[in-house]
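Below is one structure; the comments refer to it alone.
The values are calculated or read from the model by the stated rules, or taken from the named source; none is laboratory data. The structure presented is a predicted model; accordingly, all values stated were derived computationally and were not measured. No Cβ is skipped: glycine too gets one built from the backbone with ideal geometry, and neighbour counts run over all protein chains shown. Note: accessible area is taken over every heavy atom of the protein model, side chains too, but ligands, DNA and RNA are not part of it. Shrake-Rupley method; radii C 1.70, N 1.55, O 1.52, S 1.80 Å.
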Amino acid sequence: MEVKVSPKLKEEISGLLKEYGYESEKDFIEDALRHWVLELKKMDFLTKVSEIRERMKRKGLREKDILRDFEKFRRLRK
């Protein structure tokens, strides 16, 4: 995959390379993309957790009760 960036962004990246210890623009861009992918996954996870929490609330379930039931189940499986 080839990525093209604007001259202004390329200049900003070039200024950050040495400051943050990157060997090349490629290393910098890969690291930035890896970080952004992780952030997107984290946002997705937090959205799902929020949805689950809301469904639990509507059903009258509490996290404490679920953890207690999970612990009982875990003990039975030993």
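A few remarks follow.
- Screening the stretch 1-47 for residues that are without any contact (Cβ under 8 Å) to a residue 12 or more places away in the chain and aromatic (F, W, Y) and picking the one that is least open to solvent (accessible area, probe 1.4 Å) gives Y22.
- Residue that is at negative phi, modelled with pLDDT under 90 and either among the basic types (K, R) or in contact with a strand residue (DSSP E or B) (Cβ under 9 Å, 6 or more places away or on another chain) (or both), where the choices are K48, K72, K8, K78: K78
- Filter result for G21 (over 21 Å from the mean Cα position of the chain (by Cα), modelled with pLDDT of 90 or more and at positive phi): yes
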